[in-house]
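Trainee: Pasting a structure here, questions to come.
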Amino acid sequence: MAVLAACTVGPSTRPAVVENDAPAPQQRTPDSSPAPLPKAEEPGPSSVNWSDCADQTRQELGDAARNDLSYECASMTTTLDAPGMPGHGLSRVALLKAGDGPIPLVVVNDVDGEPGSRYAARIAATMPDELLERYSLIGVDRRGTGDSDGVRCIPSADRPGLIDSDPADDVERPLDAARTAGQQCAINLDDEQGAFDSWRTTGDLDTLRENLGMRHLHALGHGEGSRVLALYAARYPDKAGRIALDGMPDPSDDRAAVLDGVAAGAEATLDTVGQQLGRDLRDQVVAMADRLDRSPQMTADGYRMTGPMAVRAVLNGLAEPHRWRELADAVGAARGGDVGKLAVFLRPHLVETQESAARIDGTLATRCNDTGTRLPAERLAGTADQLADDHPVFGGVVAQELVWCSPWPTRSGENADIAGDGTPPMVVVSTATDPVTPEEGTVRAADQMPSAVHVSWKGAGHGALESSCVMEALGGFYLDGDVPRDGTLCPA
């Protein structure tokens, strides 16, 4: 495993590389102590029926695939337990196993990102051999996403309306689109509308744990997928194993403040990418958006690429560091009037296929079921204006997400708290410049989790697995049970 001498990892008796230089952890619950970290034991008999899917996976991953890794696919059935209707319906959840290690390490990704199966296959190719000799990565397509039974509730013609305008300019247009999407989802999903949320996803993960024959769930979360695993540990503390969370969303109930942090992180990331590539990407994105505001261009999928839609494509691309150069080239092409390359970053979100639902349907359902924030139209307009003033590139576009849920029904019931007593230590990794889960929000999330230990990477991107220092820390955690020191700093 790669060793970075300047980085502090391993047992807590080793000193951190820079004392007190990471964002300071707050005082956590004093009367609670973490449970012992479970052993990394090989599972018992598994009921999952795996089948080879190496050719298809390597074709999808392209150069990111490793020819010496095995890839197997499977699915499992879970209960689609809608609110007030326990045991209502069944749902299929798609799985992918990368590698032959005897211990399953479950991988959960952002609900609007790559399906967990593909994400697990991609990061497996970058994992140290020592980790893959011990663990196989099990990617999960969360309920309603990817190759699982997807949420398909928004008509194709109505999806672009959710992202093709700026609520800071005119809140009524995206609000009308959100009302239409909400009404169609209420009709098409009916009693199952409330079944797609992070809390119920934790139940799917526990079903997976049982099917894999595991006493404890060992897992890796990425971005918003980390919140699902934090909820899992709080809900099933005696089943939580070795869990690491690579970026965590801000747990604040103030959704506008959370989006303010996301917009700030995205603009800082855009500047960092521009510096790395030697381009003034901020000015190029603004010029591209202005051009498309004046003259929207048709895409091959039949929708008009507007300025806000193009900025949303950039925001999507910033979440995938391995595609940053491709994103920069797409921005340059769009400035010249060719939006084809930029449309690639929107296609999975807007266009459904026979195999996969459009990501925006499952994203809308999950996020709106997870959040209770609903603002009236006048407050939506004012909040969008403030976000656009404070963050001129991405502020208006991230405000779209406030509008999406405004007509969605709120509900109460299940406890969705990431804090839980009696959970084993969990490693929470933040990235200094992150366009999706900004560091400040990740730190606030860790502060609410009594058993969390925080590792900070001073780099840029959505997630920190490319840091050899972070990977050394996670390797020690998963392989040897060495818990990093809280406040460990990894240099860029």
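The values are calculated or read from the model by the stated rules, or taken from the named source; none is laboratory data. Not measured: the values here are computed from a predicted model. Ideal geometry is used to build each Cβ from the backbone, glycine not excepted, and the neighbour counts take in all protein chains shown. Protein only, heavy atoms only, side chains kept; ligands, DNA and RNA dropped before computing areas. Shrake-Rupley method; radii C 1.70, N 1.55, O 1.52, S 1.80 Å.
Trainee: Being buried (at least 22 other Cβ atoms within 10 Å of the Cβ), within 24 Å of THR410 (Cβ to Cβ) and in contact (Cβ under 8 Å) with a residue 12 or more places away in the chain is true for just one of ALA168, ALA195. Which residue is that?
Mentor: On the way: ALA168 fails: within 24 Å of THR410 (Cβ to Cβ).
None of the others qualify; the one that does is ALA195.
Trainee: Check ARG235, ARG179, ARG200 and return the single one that is open to solvent by 30 Å² or more (accessible area, probe 1.4 Å), farther than 27 Å from MET305 by Cβ and either touching a strand residue (DSSP E or B) at 6+ places or on another chain (Cβ under 7 Å) or of a type in the set (D, E, K, R) (or both).
Mentor: Every option except ARG235 fails the conditions.
Trainee: Run down SER136, SER148, SER117 and say which single residue is over 30 Å from VAL286 (Cα atoms) and open to solvent by 10 Å² or more (accessible area, probe 1.4 Å). Before you say what the answer is, go through the steps one by one.
Mentor: Working: SER136 fails: open to solvent by 10 Å² or more (accessible area, probe 1.4 Å); SER148 fails: open to solvent by 10 Å² or more (accessible area, probe 1.4 Å).
Result of the check over SER136, SER148, SER117: SER117.
Trainee: Which strands (runs of 3 or more DSSP E) sit wholly inside region 58-127 and have at least 2 residues that are more than 14 Å from SER148 (Cα to Cα) and among the aliphatic types (A, V, I, L, M)?
Mentor: Result: 103-108.
Trainee: Given the condition in contact with an Asp or Glu (Cβ under 6 Å, 6 or more places away or on another chain) and part of a helix (DSSP H, G or I), answer yes or no: does some residue in region 211-218 qualify?
Mentor: Checking region 211-218: not a single residue is in contact with an Asp or Glu (Cβ under 6 Å, 6 or more places away or on another chain) and part of a helix (DSSP H, G or I).
Trainee: Hey, another quick one. Conditions first: (1) over 18 Å from the mean Cα position of the chain (by Cα); (2) modelled with pLDDT of 95 or more; (3) open to solvent by 40 Å² or more (accessible area, probe 1.4 Å); (4) on the phi < 0 side of the Ramachandran plot. ASP280 passes all but one, so which condition is the exception?
Mentor: (2)
Trainee: Let me ask something additional. Hey, among ASP417, ASP421, ASP361, ASP385, which residue is at pLDDT 95 or above, open to solvent by 10 Å² or more (accessible area, probe 1.4 Å) and of a type in the set (Asp, Glu)?
Mentor: The conditions single out ASP385.
Trainee: Would you check which residues across region 454-492 are more than 19 Å from the chain's Cα centre (by Cα), more than 21 Å from ILE123 (Cα to Cα) and open to solvent by less than 20 Å² (accessible area, probe 1.4 Å) and list them?
Mentor: Once the filter is applied, which keeps residues that are more than 19 Å from the chain's Cα centre (by Cα), more than 21 Å from ILE123 (Cα to Cα) and open to solvent by less than 20 Å² (accessible area, probe 1.4 Å), region 454-492 yields PRO484, GLY487, THR488, LEU489.
Trainee: Right, another one. So ASP112 fits all but one of (1) modelled with pLDDT of 95 or more; (2) closer than 18 Å to ALA365 by Cα; (3) of a type outside the set (A, V, I, L, M, F, W, C); (4) surrounded by 22 or more Cβ atoms within 10 Å (Cβ to Cβ); what number is the exception?
Mentor: Of the numbered conditions (1) modelled with pLDDT of 95 or more; (2) closer than 18 Å to ALA365 by Cα; (3) of a type outside the set (A, V, I, L, M, F, W, C); (4) surrounded by 22 or more Cβ atoms within 10 Å (Cβ to Cβ), the odd one out for ASP112 is (4).
Trainee: Do you know which of the residues in region 31-60 that are over 15 Å from ASP486 (Cα atoms) and at pLDDT below 75 is surrounded by the fewest Cβ atoms within 10 Å (Cβ to Cβ)?
Mentor: So, considering only residues that are over 15 Å from ASP486 (Cα atoms) and at pLDDT below 75, the one surrounded by the fewest Cβ atoms within 10 Å (Cβ to Cβ) is ASP31.
Trainee: Another question, then. Give all pairs with beta carbons closer than 8 Å in which a residue from region 270-287 that is touching a residue at least 60 places away in the same chain (Cβ under 8 Å) meets a residue that is open to solvent by 70 Å² or more (accessible area, probe 1.4 Å) and of a type outside the set (A, V, I, L, M, F, W, C); count only pairs at least 6 apart in sequence or on separate chains.
Mentor: Going by the 8 Å Cβ cut-off, the qualifying pairs are VAL286/PRO392.
Trainee: Any residue at all in region 366-381 that is at pLDDT 95 or above, open to solvent by 30 Å² or more (accessible area, probe 1.4 Å) and hydrophobic (A, V, I, L, M, F, W, C)?
Mentor: Checking region 366-381: not a single residue is at pLDDT 95 or above, open to solvent by 30 Å² or more (accessible area, probe 1.4 Å) and hydrophobic (A, V, I, L, M, F, W, C).
Per-residue answers, yes or no, for (1) of a type in the set (A, V, I, L, M, F, W, C); (2) under 22 Å from the mean Cα position of the chain (by Cα); (3) modelled with pLDDT of 95 or more:
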| site | (1), (2), (3) |
| --- | --- |
| GLU72 | no, no, yes |
| ASP81 | no, no, no |
| SER91 | no, yes, no |
| LEU96 | yes, yes, yes |
| PRO102 | no, no, yes |
| LEU105 | yes, yes, yes |
| GLY116 | no, yes, yes |
| ILE123 | yes, yes, yes |
| ARG142 | no, yes, yes |
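Trainee: If you don't mind, there's one more thing I want to ask. Considering only residues that are part of a loop (DSSP other than H, G, I, E, B) and open to solvent by 30 Å² or more (accessible area, probe 1.4 Å), which ones fall in region 323-351?
Mentor: Start the filter on region 323-351 by keeping residues that are part of a loop (DSSP other than H, G, I, E, B), which leaves 336-339, 344-346, 351.
Passing the criteria: GLY336, ASP338, VAL344, VAL351.
Trainee: In addition: Here are some residues: ASP480, ASP417, ASP447, ASP434. Which one is in contact with a strand residue (DSSP E or B) (Cβ under 8 Å, 6 or more places away or on another chain) and acidic (Asp, Glu)?
Mentor: ASP434
Trainee: Given the conditions (1) more than 25 Å from GLY382 (Cβ to Cβ); (2) outside any helix (DSSP H, G or I); (3) of a type in the set (D, E, K, R), report the number of the one that ASP253 does not fulfil.
Mentor: In the conditions (1) more than 25 Å from GLY382 (Cβ to Cβ); (2) outside any helix (DSSP H, G or I); (3) of a type in the set (D, E, K, R), ASP253 misses (1) alone.
Trainee: I'd like the full set of residues that are open to solvent by 40 Å² or more (accessible area, probe 1.4 Å) and in contact (Cβ under 8 Å) with a residue 24 or more places away in the chain, limited to region 299-319.
Mentor: Hits for region 299-319 are ALA300, ASP301, ARG304.
Trainee: Given the condition in contact with a Lys or Arg (Cβ under 7 Å, 6 or more places away or on another chain), modelled with pLDDT under 95 and of a type in the set (Asp, Glu), answer yes or no: does some residue in region 146-169 qualify?
Mentor: yes
Trainee: Continuing with the same structure: I want to confirm something. Restricting to region 283-322 and keeping residues that are among the charged types (D, E, K, R) and in a loop (DSSP other than H, G, I, E, B), which single residue is farthest from the chain's Cα centre (by Cα)?
Mentor: Among those that are among the charged types (D, E, K, R) and in a loop (DSSP other than H, G, I, E, B), it is ASP301.
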